[in-house]
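The values are calculated or read from the model by the stated rules, or taken from the named source; none is laboratory data. Because the structure is a prediction, the values reported are computed rather than measured. In this analysis, Cβ positions are derived from the backbone assuming ideal geometry, glycine residues included, and neighbour counts consider all displayed protein chains.
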Amino acid sequence: METSELLQKIKVAIDNNDVSRARELLKDGLQTPTADIYYQASRVAIDETQKQRFLEKALELDPFHQEAVIELRGVIESNKSTSLPTSKQQINQTTNQQTSNTINRGLIPVAIIIGIFCLLVFIGVSGIFSSKATNTYKSPTRTPRPTYTPTPTIKTYNVTVERDMNTDIYLKSGDVVKIKATGTIIVGVFTQAQASPDGVDQANEIFLSGYSVDSNFRHGSLLYGLSSEDYWHFCGSSCEFTVLNSGNGYLQFGINDQKQGDNTGSFKLQVTVTSR
């Protein structure tokens, strides 16, 4: 049903004093209300409170709804007149009640403030005693000692090796040794084999391993060892090792050749020792 048609039926029912019919039709109208629908609803309201609410709704949708403005003004004026006291006794009762309410409203915040103040004082006093008790039994804080880490000591040595030799480089457990070697040694008068620190396998079709101190390493190669040991280690042109716990001793170098008297040339070494 169209809103305009529904509104017309509501007006007819109200004009005919058929309140029940009007209210029944208004149930549908209030599903999608307009200012006119709310105004007509105010005409068949159950009480003044509901009537005022309907009129206010009408003016929310249409602030310039003339009939709703006039009717709402009348409702408000009516409510004011009925709410006024009708005798001096009622006036006095109202005045006394207002005074009592004012006093009560003033006393309640004061009581709250006093209660909060007392609570804060109690908390402060408790905190003082608690702090004193804590300070009385507080154990001193111990600062842990810093862990000592020794600074590594690095030393570099330049060594020339022509044949087996001892050095004055004393190595201790944990030392890290790095060796770099260059140069050439001619091993043997007849073979004239030119051996680098990495050694040589043969010369003039002569296999040289039979002339080596240790046939596991290439002939003429650079070897190293410690005075505390009775065997050689292969170094070649580059090697690195860490001294074991039982390996303290002087650093030694050797040439992997059984007959070194007829050799010429030398290896140039740079030895770096890092001690902790």
Filtering the range 25-45 down to residues that are over 16 Å from Glu5 (Cβ atoms) and in a helix (DSSP H, G or I), which residue is farthest from the chain's Cα centre (by Cα)? Arg43
If we keep only residues of the range 46-58 that are buried (at least 18 other Cβ atoms within 10 Å of the Cβ) and of a type in the set (A, V, I, L, M), then the residue farthest from the chain's Cα centre (by Cα) is Leu55
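Results for (1) assigned to a strand (DSSP E or B); (2) in contact with a Cys (Cβ under 9 Å, 6 or more places away or on another chain); (3) not small (Gly, Ala, Ser), shown as yes or no for each residue.
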| residue | (1), (2), (3) |
| --- | --- |
| Arg163 | no, no, yes |
| Thr167 | yes, no, yes |
| Tyr170 | yes, no, yes |
| Ala181 | yes, yes, no |
| Thr184 | yes, no, yes |
| Gln194 | yes, no, yes |
| Ser215 | no, no, no |
Residue pairs, Cβ under 9 Å, 6 or more apart or interchain, first in the range 43-69 and outside the structural domain of Val19 (by TED's automatic domain parsing) and within 16 Å of Val19 (Cα to Cα), second at pLDDT below 90 and exposed (fewer than 13 other Cβ atoms within 10 Å of the Cβ). List them. none
Name the single residue that is surrounded by the most Cβ atoms within 10 Å (Cβ to Cβ) among those in the range 253-276 being within 14 Å of Trp232 (Cβ to Cβ) and at pLDDT below 95. Asn256
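For the condition assigned to a helix (DSSP H, G or I) and either in contact (Cβ under 8 Å) with a residue 60 or more places away in the chain or surrounded by 20 or more Cβ atoms within 10 Å (Cβ to Cβ) (or both), what is the one hit in Leu6, Leu72?
Numbers: Leu6 fails: either in contact (Cβ under 8 Å) with a residue 60 or more places away in the chain or surrounded by 20 or more Cβ atoms within 10 Å (Cβ to Cβ) (or both).
From the options Leu6, Leu72, the qualifying one is Leu72.
Being at pLDDT 75 or above and touching a Leu at 6+ places or on another chain (Cβ under 9 Å) narrows it down to one residue among Ser173, Ser215; which is it?
Values: Ser215 fails: touching a Leu at 6+ places or on another chain (Cβ under 9 Å).
Exactly one residue qualifies, and that residue is Ser173.
Looking only at the range 225-247, count how many residues are in a loop (DSSP other than H, G, I, E, B) and under 50 Å from the mean Cα position of the chain (by Cα). Before the answer, list the steps.
First pass over the range 225-247, keeping only residues in a loop (DSSP other than H, G, I, E, B): 227-232, 235-237, 243-247.
Add one more test, that the residue is under 50 Å from the mean Cα position of the chain (by Cα), and what stays is 243-247.
So the answer is 5.
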Which residue pairs have Cβ atoms under 6 Å apart, sit 6 or more places apart or on different chains, and have a first residue in the range 11-28 that is more than 20 Å from Glu67 (Cα to Cα) and in the same structural domain as Gln50 (by TED's automatic domain parsing) and a second that is charged (D, E, K, R) and not in a loop (DSSP other than H, G, I, E, B)? Leu25/Lys9
